[in-house]
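Data first, discussion second: the structure below is written as structure tokens.
Bear in mind that the values in this text are calculations on the coordinates, not laboratory data. As the structure is a computational prediction, the values presented were derived from the model and not from experiment. Methodologically, a virtual Cβ is constructed for each residue, glycine included, from the backbone with ideal geometry; neighbour enumeration extends over all protein chains shown.
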Amino acid sequence: MNQFPSSQSVPSANPERLFFALWIIFSVLTALADIIAIVRHPEMTLQILPQTALGLAVCLPFGAVAILLRRRRLKRQAARDAFLQAMARLD
């Protein structure tokens, strides 16, 4: 752990928001495309559903990255807050 956590700023929340947005957008678009395919070709539903699962699985890394970025940011924020509270107690 860094000796002086307050010397570094806490990472921005923008990258995690971007990855969350990409995850949601790609998941919705995948589901929408597959719903349209099922409506147009109901006889092929059993062949389309595995593709839906695969498409949603491809979207999962975006969510995982977003969660990891959020976790890292919150850890740094907690370390910084703890350091600042300890410094405030010294005054």
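Between Leu56, Leu69, Leu46, find the one with the highest GNM mean-square fluctuation for the chain; connect C-alpha pairs within less than 10 Å.
Highest fluctuation among the options: Leu46.
Taking the Cα centre of the chain as the origin, how large is its charge dipole in debye, to the nearest 20, when only Lys and Arg (+1) and Asp and Glu (-1) carry charge on their Cβ atoms? The partial results should precede the final answer.
On the way: 10 positive and 5 negative charges, 90 e Å.
Around 440 debye, computed over the chain.
Reported to two decimal places, what Rg/Rh ratio describes the chain when computed on Cα atoms with Rh from the Kirkwood expression?
Rounded to two decimals, Rg/Rh equals 1.32.
Per DSSP H run of n ≥ 4, the term is -39500 (n - 2.57); total these for the chain, divide by its residue number, and report the mean residue ellipticity at 222 nm rounded to 500 deg cm²/dmol.
On the way: 2 runs with 73 residues, N = 91.
Rounded to the nearest 500, the figure is -29500 deg cm²/dmol.
Distance in nm between label sites at Gln85 and Ile36, each 7 Å beyond Cα in the beta-carbon direction?
The two pseudo-label positions are separated by 5.1 nm.
Could you list which residues have their amide H under 5 Å from that of Ala13, counting only those 5 or more apart in sequence or on another chain, with H placed in the peptide plane?
Under 5 Å from the amide H of Ala13 lies no amide H from a residue far enough along the sequence or on another chain.
Give the relative contact order (percent, whole number) for the stretch 14-89; include only Cα pairs under 8 Å separated by 6+ residues. Please report the intermediate quantities before stating the final value.
Numbers: 37 pairs, mean separation 34.7, N = 76.
Once normalised by length, the contact order is 46 percent.
Which length gain, in nm to one decimal place, applies between Leu18 and Thr45 when the Cα-Cα distance is subtracted from 0.36 nm times their residue separation? Could the numbers behind the result be given before it?
Details: separation 27, 0.36 × 27 = 9.72 nm, distance 3.26 nm.
Computed gain between Leu18 and Thr45 is 6.5 nm.
Using θ = phi - 60° and the Karplus relation 6.51 cos²θ - 1.76 cosθ + 1.60, list the HN-Hα couplings for the stretch 57-65 in order, rounded to whole Hz, with x at every Gly or Pro.
For the stretch 57-65, the Karplus curve yields 5, 5, 6, 4, x, 5, x, 5, 5 Hz.
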